[in-house]
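> My questions will all concern the structure given below.
The values are calculated or read from the model by the stated rules, or taken from the named source; none is laboratory data. Predicted, not measured: the structure shown is a model, and the values here were computed from it. Heads up, the Cβs are rebuilt from the backbone with ideal geometry, glycines too, and the neighbour counts pull from every protein chain shown. Areas reflect the complete protein model, heavy atoms only, side chains present, ligands, DNA and RNA absent. Shrake-Rupley method; radii C 1.70, N 1.55, O 1.52, S 1.80 Å.
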Amino acid sequence: MTGAKTPLDNRRPGAAWMALPALAALLLVAVVSVLGMAPTAPAGPDASAEVFSAARAMTHISAISDEPRPVGSAHHGESRAYLLGQLASLGWQADVQESVGMFDFGGDGSQNIGAVANVIATKPGTAPTGTVLLTAHYDTVVGSPGAADDGIGLGVLLETARALSTADAPRNTVMILLTDAEEVGLLGAEAFVRERAEALGTTVVLNHEARGAGGAPLTFRMSSPNSELVEVLAGAPGAFADSSSEASFEALPNDSDFTPFEQAGLYGYDTGIMADGAYYHSPLDDPAHLSAASLQQMGDTTLALTRELAGMDLAAIGRGGEEIVTSLPWGLLWYPQSLEIPLAIAALILTTVLVWVLRRRGALTLPRVAVSAVASVVVLVVAGAASYAVWRLALVIDPAQVSAVVREPYRPVLYRFAMLLAALAAVLSLVALVRRRLGAVGLTVGMLVVLALAGVLFAFTLPGVSGSMVQPTLVAAAGAAIAVLLPERRTAVRAAVYSVALAAAAIMLGPGIWIGFDIGLNLGPLSAVLLAMFVTLALPLIEAAWPLQDGMVPRRRARSAAVPVLLVVLTAALLVAGLVANREGATDARQEAVAYSVDADTKLAHWASGAAPASEWSRSLLSEPALPLEDAFPWLPGSAMWHGPAPTAELSAPAVTVLRDVTRGDARELTLRLSSRRDASTLGLWVDAGSATVHSATVAGRDLPTDRAKGKWAFGFRFHGAWVDGVEVRLVLDQHG
């Protein structure tokens, strides 16, 4: 870059001796920030009675997680009895709410409905201003013992109930709700909200979930307004929250019991763990694979929150405003959402001041800033693409290494490093190509311009999401602006100011870069983009340590080119190491999910899966290409499934008994009883769109929507936890032909 030197320009004798320690310090700050958010050490069984002990909580998890507990199974009922007995033994008023749950997601296709049995335990308050509701679900998916999902929530609540029992009665009523049938559609939570929530008064919910088996528990959703909730959460040990996480959660194909609670107007927090996703919804979600440290941190936070909420005036909850919150290694940082747009504009103003000063000094021109901004966007895109390419290559080489549900390997750490190094190599390679024309400072300023503009755009269009971008941009822009306004002779001071600003940005971005991988390697490119942002902002330091500009002597040019080459070699080595670490036989058993369907009339049977076969075993079963199997799996209309012929199992077909059949004009009223001759826990019924149009439907006393037709079926439902004597169904329909 030609023109005047800037406070971000470290091209001077001895600059490398200053830049290298500064870069090392920034890396150290980022690593310490990540480690500062790691789960705490678990407490043993002999811990004080007043504190939370992961060892004591794990005893309960082990007692119920020796086998799966799907709705209607024998172990499901045994687990309910165990949980009820434990709560009653602690002196809580415990009972079971039996009902029929149905939560309408508003989507197309079959409706889920079911018989639920929620476990409820209450510790009455002495002068209640409302209710603190601690929730987790006790059912699991078929085939998973559910030590994490949601055994971690059950263990947390039972140990919290024990700790609360050591003290006097609280001011506010504390209620524990262990919901049923969460996995099949949030049915227990819906039934509780519909029948019991109104009588609770002001209610604050602490919901506990898991989408993995480890990691720091994240409060990824809060009700709105949240100012009082954030203030209480900030006082709890181990609290970890981020306003942008709710947007990330909405992008995932998951939901939790918190949704019906929030829709009913209850306040509260939705907290879960997400790391080690390979164990999620698998046969290996057992106590041996659940992180005791994650359990301890979730328990510490829940116990502290419960004690605080149980003693405060809950009538004040919801009276305040909305807060933007993020996590720092030493606690939460929060500020009113009303500052979101002003802070974004402030970052843009500071960036504008920076550009204006550098232009006045002849260090930059506006065309160069514009081109640098475009180059910065390219850098972000290429970094994300390079990161994703590494993971896709690993999948092409060994597609069977990932889990059946969230498509994660058991040992993802090596892949994480490989993806980040690939992004870093891509950034430095691109920078080397354009730096002669744009300069390190020009690219840094261009990145600040891009981030500042994006921050303003997000602040106006995605409230709550912009903070993760605006906060590091604001501190970096402020540091750069202050540096350029200092006297030119104070070069070292100006460089130090910008380095301090970069350190603050590293504290904000470091945890996001690493912990972002907890959601899954498929979203790793987002972490790569954050890394590319930070590296571009730190280019002046990097240039001082490793000059990459054209026009250098050949020896320096070769040394500079060696850095990206070395990063590529390390990326390849880490990729190979990841493949070796996750090879068959080196990890826990590999997972694949295959469903079975048999037609009792035609005797036609299928093996089927929504995922492509990844092993010789699955390829031998799923020999046909993917296509919809609407007759075999009517609750999955339009879903392409790999499939193949299967042997016919001699299973008794469901029974349909006509209780009433009346025709009035064009409408036919049918009352049926569905039952299973083999005591199946789930029953379903679907009506062919070509034969009839269903106008109304009532199942076990609950009215179901009938306007969700998709594909062949005009109407359909699945009833979970079916009773031995069957389920009554009433239909009003027009029959065609």
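> Given contacts defined as C-alpha pairs under 8 Å and at least six residues apart, what's the relative contact order of the chain, whole-number percent?
Relative contact order of the chain: 15 percent.
> Okay, moving on. Taking every alpha carbon pair in the range 596-737, what does the distance histogram look like in 5 angstrom bins from 0, in percent?
Reading the bins upward from 0: 2, 9, 15, 18, 19, 16, 11, 6, 3, 1, 0, 0.
> Need the list of aspartates and glutamates near LYS710 for cross-linking: C-alpha distance under 12 angstrom, and skip anything on the same chain fewer than eight residues off.
ASP108, GLU630, ASP688
> If you wrap a convex hull around the C-alpha atoms of the range 245-389 and split its volume per residue, what is the figure in Å³?
215
> Mind giving me the FRET efficiency for SER224 and VAL500? R0 is 30 Å, r the Cβ-Cβ distance, nearest 0.05 is fine.
Computed FRET efficiency for SER224 and VAL500: 0.30.
> At 15 angstrom or more along the helix axis (alpha-carbon based) and mean Kyte-Doolittle of 1.0 or higher, what helices does the chain contain? Whole DSSP H runs only. The partial results should precede the final answer.
Working: long enough: 15-35 (30 Å, 2.42); 54-64 (16 Å, 0.81); 74-89 (23 Å, -0.30); 151-164 (19 Å, 1.26); 292-311 (29 Å, 0.10); 340-360 (30 Å, 1.62); 366-397 (46 Å, 1.89); 413-438 (37 Å, 1.64); 440-461 (31 Å, 2.37); 467-485 (26 Å, 1.58); 491-515 (36 Å, 1.58); 524-537 (20 Å, 2.03); 554-581 (40 Å, 1.34).
Qualifying helices, which must be both long enough and hydrophobic enough, are 15-35, 151-164, 340-360, 366-397, 413-438, 440-461, 467-485, 491-515, 524-537, 554-581.
> Okay, moving on. Where Rh is the Kirkwood radius over the Cα pairs of the range 25-95, the temperature 25 °C and the viscosity 0.890 mPa s, what D in µm²/s does Stokes-Einstein return?
159
> Divide the volume of the convex hull of the Cα atoms of the range 326-444 by its number of residues and quote the answer in cubic angstrom per residue. Mind showing how you got there, number by number?
Working: hull volume 20.6 nm³, N = 119.
It is 173 Å³ per residue.
> Given a 1.4 Å probe and every protein chain left where it sits, what share in percent of the accessible area of the chain is carbon and sulfur?
61
> Moving to a separate point now. Give me the accessible area per residue for the chain, probe 1.4 Å, as a whole number in Å². Could you put the intermediate results ahead of the total?
Values: 30010 Å² over 737 residues.
Result: 41 Å² of accessible area for each residue.
> Apply the a/c threshold of 1.5 to the C-alpha gyration tensor of the range 213-302 and tell me whether it is rounded, prolate or oblate.
Oblate.
> Another one. Give me log10 I(q)/I(0) at q = 0.21, 0.24 Å⁻¹ for the range 404-471, Debye formula, one equal scatterer per alpha-carbon, no solvent.
Evaluating at q = 0.21, 0.24 Å⁻¹ gives log10 I(q)/I(0) of -0.92, -0.94.
> Taking H placed 1.01 Å from N in the peptide plane, check which residues at least 5 places from THR203 or on another chain put their amide H under 5 Å from its amide H.
THR131, TYR267
> For the chain, what does -39500 (n - 2.57) per DSSP helix run (n ≥ 4), summed and divided by total residues, give at 222 nm, in deg cm²/dmol to the nearest 500? The partial results should precede the final answer.
On the way: 19 runs with 311 residues, N = 737.
When only DSSP H runs of four or more count, the value is -14000 deg cm²/dmol.
> Continuing with the same structure: In Å, what Rg and Dmax follow from the Cα atoms of the chain?
For the chain, the Cα radius of gyration and maximum Cα-Cα distance read 29.2, 96 Å.
> If you don't mind, another one. For the range 112-234, take N as its residue count and report Rg(C-alpha) divided by 2.2 N^0.38 Å.
1.09
> Beta carbons within 10 angstrom, averaged per residue: use that to sort the peptides 714-726, 608-620, 470-482, highest first.
Numbers: 714-726: 20.4, 608-620: 15.8, 470-482: 25.4.
Going by the mean number of other Cβ atoms within 10 Å, highest first, we get 470-482, 714-726, 608-620.
> Then there is this: Along the range 649-661, what does the Karplus equation 6.51 cos²θ - 1.76 cosθ + 1.60 (θ = phi - 60°) give for ³J(HN,Hα), rounded to whole Hz, x for Gly and Pro?
7, 7, 10, 6, 6, x, 9, 10, 10, 7, 8, 7, 9
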